[in-house]
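Chemist: Starting off with a structure, shown below.
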Amino acid sequence: LGNGGSTLHALQCLEDLYGDKWTSLVVLLIHSGGYSQRLPSASALGKIFMALPLGDPVYQMLELKLAMYIDFPSHMKPGILVTCADDIELYSTGDTETIAFDKPGFTALAHPSDVAVGTTHGVFVLDTSSFSGEGGLECTTCHHFLHKPDIETMHRHSAVYRRGTCSTRDTSDWEPSSECVYTDSIFYMDHSTAERLLTFYKQMGTLDCEIDAYGDFLQALGPGATQDYTGNTSNVSKEELRLVEVRKKLYSLLKGTTLNVIVLNNSRFYHIGTTQEYLFHFTSDSKLRFELDLLPVAFSNSDQAEASGQSASVIQSVLEPGCSIGAGSVIEYSRIGSEVSVGKGSIISGSHIDFAADIPSDCFLSSLSIRINHQAKYVTVVFGVEDDLKKSVKSLSETHSLRFCGVSLLECLDRWGVKVSSQLFSGASARLGLWTARIFPVCSTLSESVRMSLEMLRSVRHVSALKLSGCMLLSVEEMLTCKDVEGMLGLRERISDEIRLQRKERTGL
């Protein structure tokens, strides 16, 4: 469905639940995260439930979202406020300036960003007759909307503005710039517009393609919108045959609808949807870490806080004395034994490591609870933090071009004793990649699953043989179809109970 299709489905659910009353509701609609292939630790439970190194007990992204938007409902007419699960918007407005979602059509927030950042986000071409670029908050309209445009396109459409100082959003944090573009984050649609989209959804019956709520809804808006974008599938992860047809119908439906824009000049937009962004914002001296006062150790029992300094992040975990956590690493919902060493810039999620282990730098390790034939099992995913889980090839002969921890997947399979065959990849489509590769062994215990995955990594790094051919192997794609949500939540609850118990024992209460 994509986040656009899921938005339409949510509108249908609202009508089913509330009948005609849904048109009087103020609704916050959050896309929970999708497959999260660029941050797989959030794949099973969704990015909206991603833990933050903040609070005691820790806050999740959902709670931060609710706090950020707490003032919006009192300045909203009935309608739908749409947002993603992996972004954070921080802003400052004057005492008399108010963000209000009360106009017909769509209303979006806009943030000043570096021009290069615009190539990976939505960019507003603002109505120059009503936009001055002055003040902390300015309400204007959008002539038309560009979705992930290249720099030349932004200049050609007059979307680039010259400013003395322009706040920007990227992973290097914000620096003054003479040029900026205004990029998107959250948007609102009034109920009249939402009802039109719901009627469209009912008429379509089955979508059969992935719709993007930002690219496919917003590009149809404003007086300057054309249907040229409907045939451009360069930014689409899965190109379905019906996508262009559905886009054209959406364009016809929404053409002429106003896109109001609330420009927040004193704002910052942070994205935490990739392993690199996750590590950067949680462990470096990023502005987000400073502004939210993110903690190096959040709701955890760890004698390693001083050893790891301020440059690692430990979230709801138990670290035993003697273990070592490298700078720039994140540990969440895990138990780390005394003989464990974690390198720099690694992510450990949901794991139990009670044996001697040397986890290298730039390693991604995430454990999942699953159910096979009604029995509880465990699988631990291991990758390099730079591995591209979205990359795919179309034939088995191209498997060598896929990279696992910097090594050709073909070489890795040879070391693991896994044959290249039609059974190697899951799914019916011809999209063969790390996401669909059946390479991760199913184990009876959480600790054993971690051990097996680390053995896989050791085999690759030290060019040694490891026999996986006798194991039941799953792909990440398959794990998510048999995930045991209650099992994973139970693990988190047990860690929480252990932390509280240890605190009581230490204080003698």
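The values are calculated or read from the model by the stated rules, or taken from the named source; none is laboratory data. Remember, it's a predicted structure, so these values are computed and weren't measured experimentally. We place every Cβ from the backbone using ideal geometry, glycine too, and count neighbours over all the protein chains shown.
Chemist: Scan the stretch 390-402 residue by residue and report those that are closer than 18 Å to SER459 by Cβ and surrounded by fewer than 18 Cβ atoms within 10 Å (Cβ to Cβ).
Modeler: HIS400, the sole residue that qualifies.
Chemist: I need the full set of residues from the stretch 340-351 which are within 19 Å of SER43 (Cβ to Cβ) and part of a strand (DSSP E or B), in order please. Full working, then the answer.
Modeler: Filtering the stretch 340-351 for residues within 19 Å of SER43 (Cβ to Cβ) gives 346-351.
If the condition is that a residue be within 19 Å of SER43 (Cβ to Cβ) and part of a strand (DSSP E or B), then ILE347, ILE348, SER349 are the ones that fit.
Residue by residue, here is whether (1) touching a helix residue (DSSP H, G or I) at 6+ places or on another chain (Cβ under 9 Å); (2) surrounded by 22 or more Cβ atoms within 10 Å (Cβ to Cβ) holds:
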residue	(1), (2)
SER6	no, no
LEU17	no, no
HIS31	yes, no
SER41	yes, yes
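Chemist: Based on what the data block shows, is GLY406 at pLDDT below 95 and either in contact with a Pro (Cβ under 6 Å, 6 or more places away or on another chain) or closer than 17 Å to ARG458 by Cα (or both)?
Modeler: Considered against the rule, which asks whether it is at pLDDT below 95 and either in contact with a Pro (Cβ under 6 Å, 6 or more places away or on another chain) or closer than 17 Å to ARG458 by Cα (or both), GLY406 comes out as yes.
Chemist: So which residues in the stretch 110-153 are surrounded by 17 or more Cβ atoms within 10 Å (Cβ to Cβ) and acidic (Asp, Glu), if there are any at all?
Modeler: ASP114, ASP127, GLU138
Chemist: Could you grab me the full set of residues in the stretch 352-383 that are surrounded by fewer than 21 Cβ atoms within 10 Å (Cβ to Cβ) and either assigned to a strand (DSSP E or B) or touching a Leu at 6+ places or on another chain (Cβ under 6 Å) (or both)? Let's see the steps before the verdict.
Modeler: Going through the stretch 352-383, the residues surrounded by fewer than 21 Cβ atoms within 10 Å (Cβ to Cβ) turn out to be 354-358, 360-361, 371-376.
Within the stretch 352-383, ALA357, ASP358, ARG371, ILE372, GLN375, ALA376 meet the criteria.
Chemist: Restricting to the stretch 464-505, name every residue that is within 25 Å of the chain's Cα centre (by Cα) and not hydrophobic (A, V, I, L, M, F, W, C).
Modeler: SER475, GLU477, GLU478, THR481, LYS483, ASP484, GLU486, GLY487, GLY490, ARG492, GLU493, SER496
Chemist: Any idea how many residues of the stretch 47-90 are among the β-branched types (Val, Ile, Thr) and part of a loop (DSSP other than H, G, I, E, B)?
Modeler: Matching residues across the stretch 47-90 total 2.
Chemist: Taking ARG289, is it farther than 30 Å from MET204 by Cβ, surrounded by 17 or more Cβ atoms within 10 Å (Cβ to Cβ), outside the structural domain of CYS142 (by TED's automatic domain parsing) and touching a residue at least 24 places away in the same chain (Cβ under 8 Å)?
Modeler: On the way: farther than 30 Å from MET204 by Cβ: yes; surrounded by 17 or more Cβ atoms within 10 Å (Cβ to Cβ): yes; outside the structural domain of CYS142 (by TED's automatic domain parsing): yes; touching a residue at least 24 places away in the same chain (Cβ under 8 Å): no.
Considered against the rule, which asks whether it is farther than 30 Å from MET204 by Cβ, surrounded by 17 or more Cβ atoms within 10 Å (Cβ to Cβ), outside the structural domain of CYS142 (by TED's automatic domain parsing) and touching a residue at least 24 places away in the same chain (Cβ under 8 Å), ARG289 comes out as no.
Chemist: Against the conditions (1) modelled with pLDDT of 95 or more; (2) within 30 Å of VAL318 (Cα to Cα), where does GLY79 fall short? Just the number, please.
Modeler: Failed condition: (2).
Every residue, every condition in (1) touching a strand residue (DSSP E or B) at 6+ places or on another chain (Cβ under 6 Å); (2) hydrophobic (A, V, I, L, M, F, W, C), yes or no:
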{"residue": "GLN423", "(1), (2)": "no, no"}
{"residue": "SER426", "(1), (2)": "no, no"}
{"residue": "GLY433", "(1), (2)": "no, no"}
{"residue": "THR436", "(1), (2)": "yes, no"}
{"residue": "VAL442", "(1), (2)": "yes, yes"}
{"residue": "SER447", "(1), (2)": "yes, no"}
{"residue": "ARG451", "(1), (2)": "no, no"}
{"residue": "SER464", "(1), (2)": "no, no"}
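Chemist: Tally the residues that are part of a helix (DSSP H, G or I) and either in contact with a Cys (Cβ under 7 Å, 6 or more places away or on another chain) or among the aliphatic types (A, V, I, L, M) (or both), restricting the search to the stretch 458-505.
Modeler: Qualifying residue count, the stretch 458-505: 11.
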